[in-house]
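**Q** My structure is below; once you've seen it, I'll send some questions.
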Amino acid sequence: MKPQDWAIQPRPGDPPLTLFRGKTLTELPPGTEIDRYGEPSGNLTYAAGTPFERRSLVPDWVTRPYRVYRVQRPTEALTGVAIPWFEQPGGGTAFVLNRSIAELIESGHLVEIPNQVPPTRP
């Protein structure tokens, strides 16, 4: 399937779907914890605690706000594995959510877990 064919797409400013392999549609069950470097206006998250270098994000994104969220209601997502990029190994499990984090918090699908620290870097 071509990246533009997926029903769930990254929000403006988040990396394109071409940076993920093995993409599948999934439903995140309540209790799942996900995290993000960046503002809640985006929809790209990773399995909570994924090391930064396994995300293959733009290197200076490590300075963005780090937040952790817990799924409260079943939430649709497109999942995939980050490919190597930006001289990073990739391999982290990404979840592109069906709406922005802010919208999912407002609807009660997600809650932020306060006072979380980013995973340590090697």
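**Q** Could you tell me which of the residues Arg11, Arg55 is buried (at least 20 other Cβ atoms within 10 Å of the Cβ) and within 14 Å of the chain's Cα centre (by Cα)? Even if it seems obvious, please write down each step before you answer.
**A** Working: Arg11 fails: buried (at least 20 other Cβ atoms within 10 Å of the Cβ).
Exactly one of Arg11, Arg55 is buried (at least 20 other Cβ atoms within 10 Å of the Cβ) and within 14 Å of the chain's Cα centre (by Cα), namely Arg55.
**Q** Looking at the structure I just gave you, is Pro74 without any contact (Cβ under 8 Å) to a residue 60 or more places away in the chain and either within 16 Å of Ile113 (Cα to Cα) or out of contact with any helix residue (DSSP H, G or I) (no Cβ under 7 Å at 6 or more places or on another chain) (or both)?
**A** Details: without any contact (Cβ under 8 Å) to a residue 60 or more places away in the chain: yes; either within 16 Å of Ile113 (Cα to Cα) or out of contact with any helix residue (DSSP H, G or I) (no Cβ under 7 Å at 6 or more places or on another chain) (or both): yes.
For Pro74, the condition - without any contact (Cβ under 8 Å) to a residue 60 or more places away in the chain and either within 16 Å of Ile113 (Cα to Cα) or out of contact with any helix residue (DSSP H, G or I) (no Cβ under 7 Å at 6 or more places or on another chain) (or both) - is met.
**Q** Here is a check on your reading of the model: is Ile34 β-branched (Val, Ile, Thr), out of contact with any helix residue (DSSP H, G or I) (no Cβ under 8 Å at 6 or more places or on another chain) and crowded, with 19+ Cβ neighbours inside 10 Å? Even if it seems obvious, please write down each step before you answer.
**A** On the way: β-branched (Val, Ile, Thr): yes; out of contact with any helix residue (DSSP H, G or I) (no Cβ under 8 Å at 6 or more places or on another chain): yes; crowded, with 19+ Cβ neighbours inside 10 Å: yes.
Yes; evaluated as a whole, the condition is true for this residue.
**Q** For segment 84-91, state whether one or more residues are out of contact with any Cys (no Cβ under 6 Å at 6 or more places or on another chain) and within 21 Å of Pro12 (Cα to Cα).
**A** Yes - at least one qualifying residue is present in segment 84-91.
**Q** While we're here: Would you check if Glu103 is on the phi > 0 side of the Ramachandran plot and among the acidic types (Asp, Glu)?
**A** When the stated conditions are applied, Glu103 does not pass them.
**Q** From the set of residues in segment 17-44 that are among the hydrophobic types (A, V, I, L, M, F, W, C) and more than 17 Å from Leu57 (Cα to Cα), which is farthest from the chain's Cα centre (by Cα)? I'd like the intermediate steps shown before the answer.
**A** Within segment 17-44, the first condition is being among the hydrophobic types (A, V, I, L, M, F, W, C), and the residues that meet it are 17, 19-20, 25, 28, 34, 44.
From what is left, the residues that are more than 17 Å from Leu57 (Cα to Cα) are 25, 28.
Details: Leu25: 14, Leu28: 12 Å.
Step by step, filter segment 17-44, then rank; the result is Leu25.
**Q** Given the residues Thr45, Thr50, which is the only one that is at pLDDT 95 or above, under 19 Å from Pro119 (Cβ atoms), in a loop (DSSP other than H, G, I, E, B) and not small (Gly, Ala, Ser)? Even if it seems obvious, please write down each step before you answer.
**A** Numbers: Thr45 fails: in a loop (DSSP other than H, G, I, E, B).
Answer to the check: Thr50.
**Q** Hey, does segment 89-103 have a residue that's basic (Lys, Arg) and surrounded by 15 or more Cβ atoms within 10 Å (Cβ to Cβ)?
**A** For segment 89-103, residues basic (Lys, Arg) and surrounded by 15 or more Cβ atoms within 10 Å (Cβ to Cβ): present.
The values are calculated or read from the model by the stated rules, or taken from the named source; none is laboratory data. Because the structure is predicted, anything quoted here is derived from the model rather than measured. Positions of Cβ are generated from backbone atoms using ideal geometry, with glycine treated the same way; all protein chains shown enter the neighbour counts.
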